[in-house]
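Asks: My structure is below; once you've seen it, I'll send some questions.
The values are calculated or read from the model by the stated rules, or taken from the named source; none is laboratory data. Small disclaimer: the values here were computed from a predicted structure and weren't measured. Neighbour counts are summed over all protein chains in view; Cβ atoms, including those assigned to glycine, are modelled from backbone coordinates with ideal geometry. Surface areas here come from the heavy atoms of the whole protein model, side chains and all, with no ligands, DNA or RNA. Shrake-Rupley method; radii C 1.70, N 1.55, O 1.52, S 1.80 Å.
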Amino acid sequence: MNERRRYSETDRMSSLISDNYSLLMVMSRFGISLGFGDRTVAEVCESQGVHCPTFLTVANFINEPIHKAGSYKNYSLPALLDYLKRAHSYFLDFNLPSIRRKLIETIDCSGADEVATLILKFFDEYAREVRRHMEYENRNVFTYVEELLAGNISNTYDIDTFASKHNQVNTKLTELKNIIVKYYPGKENNNLLNAVLFDIYNCEQDLATHCDVEDYLLVPAVSALEQQLQKEARNTKQEQPQEVEQEALSAREKEIIACVVKGMTNKQTADSLCLSIHTVITHRRNIARKLQIHSPAGLTIYAIVNKLVDIADIKL
Ligand SMILES: [Fe+2]
Ligand SMILES: [Fe+2]
């Protein structure tokens with residue numbers, strides 16, 4: 001068995017396939033076309049508009065998965081999301097229908113063979129389960145991630161909710177494969193049966209890896225984005241109150257500022273506005289807190305800028 005290694009930008013793209021043919025699937029889901037000759041991974045990615053670090057992250061993960069937080073960095077969440085969407089289309093629109101066609105071709109599904117009919121029924125139930133799983137992800141998880149990428153954070157959903165319920169979808173396929181191997185009576189067309197079994201083995205492995213990519217690459221990247229957006233939202237919130245409070249001066253507080261900048265004492269202000277001195281002092285304290293301005297000179301500037309007084313009335 002070949003020793004697994006981590007690929008880099010300078011490796012030849014063709015050597016990835018020679019080492020591990022399942023990487024063909026990864027290339028196709030990144031939209032990489034074959035016919036790349038001796039060009040390197042970086043050259044092929046650049047010429048085909050593929051985000052190279054993300055391609056290498058997924059290829060290396062599939063080649064030798066490291067199920068450890070923080071093992072993978074520098075990949076792009078939009079590129080990974082695109083890859084996962086293409087993988088869903090591959091399973092739902094191509095791979096599972098193709099296995100079903102081969103099953104029908106291989107086993108007698110006319111109704112005469114009860115075991116064959118039950119195998120097909122088992123497969124159809126399984127395919128429906130995978131469809132539900134992937135459509136849920138397309139509709140809820142991927143849409144949620146797209147919203148996050150647009151800078152919109154949700155109060156009602158987070159990636160931990162998805163991760164805690166996310167399960168493997170290959171288990172039933174393993175069961176189907178075992179049922180065929182152990183219980184389906186051998187017929188004369190064993191080659192066809194073997195071919196469909198090979199497809200099921202590959203699909204089982206491919207689905208298991210797909211779920212692992214979601215758990216070990218998608219979830220940590222989304223979680224990091226959530227934390228970043230939450231931090232930004234907290235910072236914005238801390239900056240906002242001062243602006244809001246500055247605009248929230250009451251009419252009485254504006255009258256008091258006008259008196260202060262005209263040079264009136266607290267007593268004169270209280271008499272002029274028919275208030276107690278105690279109330280005037282409380283108002284002045286609130287004004288200082290709201291505007292973060294504590295000196296008469298500062299209040300004068302504020303009053304002029306906000307047209308609270310006629311400049312002719314100001315005691316300079
Ligand atoms: Fe998925
Ligand atoms: Fe999944």
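Asks: Give the stretch 185-207 a look and list any residue that's open to solvent by less than 20 Å² (accessible area, probe 1.4 Å) and either in contact with a strand residue (DSSP E or B) (Cβ under 7 Å, 6 or more places away or on another chain) or within 30 Å of Val145 (Cβ to Cβ) (or both), or say none.
Replies: Cys203, Leu207
Here is a yes/no grid of residues against (1) small (Gly, Ala, Ser); (2) away from ligand 2 (no atom under 16 Å from the Cβ); (3) not assigned by TED's automatic domain parsing to the domain that holds Thr174:
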{"site": "Arg86", "(1), (2), (3)": "no, no, no"}
{"site": "Ser89", "(1), (2), (3)": "yes, no, no"}
{"site": "Leu92", "(1), (2), (3)": "no, no, no"}
{"site": "Arg100", "(1), (2), (3)": "no, yes, no"}
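Asks: Would you pick out the residues in the stretch 136-173 that are within 16 Å of ligand 2 (Cβ to nearest atom) and among the β-branched types (Val, Ile, Thr)?
Replies: Once the filter is applied, which keeps residues that are within 16 Å of ligand 2 (Cβ to nearest atom) and among the β-branched types (Val, Ile, Thr), the stretch 136-173 yields Val141, Thr143, Val145, Ile159, Thr161, Val169, Thr171.
Asks: In the stretch 112-156, what residues are closer than 21 Å to Lys85 by Cα and buried (at least 16 other Cβ atoms within 10 Å of the Cβ)?
Replies: Of everything in the stretch 112-156, those that are closer than 21 Å to Lys85 by Cα and buried (at least 16 other Cβ atoms within 10 Å of the Cβ) turn out to be Tyr126, Ala127, Val130, His133, Met134, Glu137, Val141, Phe142, Tyr144, Val145, Leu148.
Asks: Residues that are of a type in the set (Val, Ile, Thr) and more than 16 Å from ligand 1 (Cβ to nearest atom), at least 1 per element: which helices (runs of 4 or more DSSP H) completely within the stretch 105-166 meet that?
Replies: 114-136
Asks: So, one more: Going by what's in this entry, would Val309 be described as at pLDDT below 85, of a type in the set (A, V, I, L, M) and surrounded by 13 or more Cβ atoms within 10 Å (Cβ to Cβ)?
Replies: yes
Asks: Could you look through the stretch 157-173, keep only residues that are open to solvent by 80 Å² or more (accessible area, probe 1.4 Å) and of a type in the set (S, T, N, Q), and pick out the one that is nearest to Leu84 (Cα to Cα)?
Replies: Only one residue tops the list, namely Asn167.
Asks: Then there is this: Can you name the helices (runs of 4 or more DSSP H) wholly within the stretch 201-304 that have at least 2 residues being within 16 Å of ligand 2 (Cβ to nearest atom) and under 48 Å from the mean Cα position of the chain (by Cα)?
Replies: Once the helices (runs of 4 or more DSSP H) in the stretch 201-304 are filtered for at least 2 residues that are within 16 Å of ligand 2 (Cβ to nearest atom) and under 48 Å from the mean Cα position of the chain (by Cα), what remains is 219-247.
Yes/no per residue for (1) farther than 24 Å from Ala221 by Cα; (2) touching a Leu at 6+ places or on another chain (Cβ under 9 Å); (3) not acidic (Asp, Glu):
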residue	(1), (2), (3)
Ser18	yes, no, yes
Gly31	no, no, yes
Gly35	yes, no, yes
Arg39	yes, no, yes
Ser47	yes, no, yes
Glu64	no, no, no
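Asks: Starting from the stretch 282-308, take each residue that is under 19 Å from Glu239 (Cα atoms) and list its partners that are among the hydroxyl-bearing types (Ser, Thr, Tyr) and in a helix (DSSP H, G or I), counting only C-beta distances under 8 angstrom and pairs at least six apart or across chains.
Replies: Leu291/Tyr302; Ile293/Tyr302
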